[in-house]
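Beneath this line is the structure, given in structure tokens, with notes to follow.
None of the figures in this text is laboratory data; all of them are computed from the coordinates on show. Note that the coordinates shown come from a computational prediction; the quantities given were computed from them, not determined experimentally. Positions of Cβ are generated from backbone atoms using ideal geometry, with glycine treated the same way; all protein chains shown enter the neighbour counts.
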Amino acid sequence: MTDGTADDTTGSTGSTVERLGVTPDGTPVARYTLDNGRGLRARVLTYGCAVQTIEVPDRDGRPANVVLGCASLDDYLTRSRYFGAVVGRYGNRIAGGRFELDGEEFRLARNNGPNSLHGGERGFDKRVWDVLDAGERRLSLGYLSADGEEGYPGALQVSVTYTVTDDDALRIDYRATTDRPTVLNLTNHSYFNLAGEGSGEIYDHRVTINAGRYTPVDQGQIPTGELAPVEGTPFDFTRGCAVGERIGEKHPQLLIGKGYDHNYVLDKSAPGALEPAALVEEPKSGRVMEVLTTEPGVQFYSGNVLDGSVAGISGRAYGKGSGLCMETQHFPDSPNHPDFPSTVLRPGEEHASTTVFRFGSR
């Protein structure tokens, strides 16, 4: 393994790629740089299909990296908190590490107490993805998840395409097919700090979420099945609110999550429509980020369990609240909640989902 400082090379398609080293089993890992030529630049790793950096300018044109990430491949292998990774086969939690599909029970790897989280012990975030296509602005990565991997049925072929666009967005397109009925919930687990990676806490970030309801959880952070109104609670971000304004209230749900770590039920005009989900604004830099998605939900997470044990690219430790996540998704534990939007994928179908993180300044 190496520290990720290998030489840059330019591929035949114009993409910039760095060879970072190898995993313990000898698999090479690379980093690709995508640049829209307008000030937006993103770096993506083949390990975990992870977004390592996103550089965007502030209101005065000064660029900064606005996502948390590890400085070396070794840290991604041993210390990452899902930084920037694509998580799956099922992002978020499945209660008891089990679900039933077509009358058959499937038992999953349990890596979150009694539950399965983000695909299990070795989910998609801990796999090296294949490069399907690479260019200056676009990178497609693929992974074949074997039948039975982490307990999930079916051989699942997944592709994720990152594109930096002319309107200063990082677009993520997910596709997947299976040869056997399975469940699937893919998301990107980037932690954002619009003031700049390693700059401190995100509690002054102003967040708006286009959701009038959320899914309360039990003590194990499993949805109870209720779609509860946010009105009159600390979970109401329909009009915009600083993250830290109400995070210290003694609301039972905030105590369970040690802050915000909840799925919001997005107000959609139509299922599957690419529509605004959230807006994040940082007052000092003036940077703003709009989140659009085809997904029915978004997990808003305020970085509650970051504890300073991991230092990022800047060399500064990531303490509690160093970044926030907007994980666009289907709902947690959907396979065990028939009333939630279905996450079942069957042979002959294609899973298709899109999320856009659009950046600007004010």
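State the three equivalent ellipsoid semi-axes of the chain, derived from the C-alpha gyration tensor as the square roots of 5 times its eigenvalues, in descending order and whole Å.
Each semi-axis is the square root of five times an eigenvalue, giving 28, 26, 19 Å.
Per 0.36 nm of contour for each residue apart, how much would the distance between Ala146 and Ala352 grow if the chain were fully extended, relative to their Cα-Cα spacing? Numbers along the way, then the final one.
Working: separation 206, 0.36 × 206 = 74.16 nm, distance 1.97 nm.
Fully extending the segment from Ala146 to Ala352 adds 72.2 nm.
Under the classification rounded if a/c is under 1.5, otherwise prolate if a/b is larger than b/c and oblate if not, where does the range 198-347 fall, given a ≥ b ≥ c as square roots of the Cα gyration tensor eigenvalues?
The shape class here is prolate.
With a/c under 1.5 counting as rounded, go ahead and sort the range 71-153 into rounded, prolate or oblate using the C-alpha gyration tensor (a ≥ b ≥ c being the square roots of the eigenvalues; past the cut-off, prolate if a/b is larger than b/c, else oblate). Mind showing how you got there, number by number?
Values: a/c = 2.79, a/b = 1.57, b/c = 1.78.
Oblate is the answer for the range 71-153, as a/c is 1.5 or above yet b/c matches or exceeds a/b.
Looking at the square roots a ≥ b ≥ c of the eigenvalues of the Cα gyration tensor of the range 219-276, which shape do they give, rounded for a/c under 1.5, prolate if a/b is larger than b/c, or oblate?
Note, shape of the range 219-276 comes out oblate.
Grab the beta carbon distance between Glu105 and Thr27, set R0 = 25 Å, and tell me the FRET efficiency rounded to 0.05.
My answer for the efficiency is 0.15.
Expected output is a single nm value to one decimal: the length gained when fully extending between Arg362 and Arg62, i.e. 0.36 nm times separation in residues minus the C-alpha distance. What is it?
Once the chain is fully extended between Arg362 and Arg62, it gains 106.7 nm.
Enter the Cα centre distance for the pair the range 338-360 and the range 192-242, rounded to the nearest angstrom.
Result: 21 Å between the Cα centres.
For the range 117-266, what are Rg and Dmax over the alpha carbons, in angstrom?
Looking at the range 117-266, its Cα Rg and Dmax stand at 18.6, 49 Å.
Gaussian network model of the chain, Cα springs within a sub-10 Å range: biggest mean-square fluctuation belongs to which of Asp261, Asp25, Asp167?
Comparing Asp261, Asp25, Asp167 in a Gaussian network model of the chain, the most mobile one is Asp25.
For Gly91, what charge total do you get from the other residues with a beta carbon under 12 Å from its beta carbon, if Lys and Arg give +1 and Asp and Glu give -1? Each step should come with its number before you reach the end.
On the way: positive: Arg89, Arg93; negative: Asp125, Glu295, Glu327, Asp333.
Summing Lys/Arg as +1 and Asp/Glu as -1 gives -2.
Rank these for me by crowding, Asp333, Asp173, going from fewest to most other beta carbons within 10 Å.
Values: Asp333 28, Asp173 17.
Placing the least packed residue first, the sequence is Asp173, Asp333.
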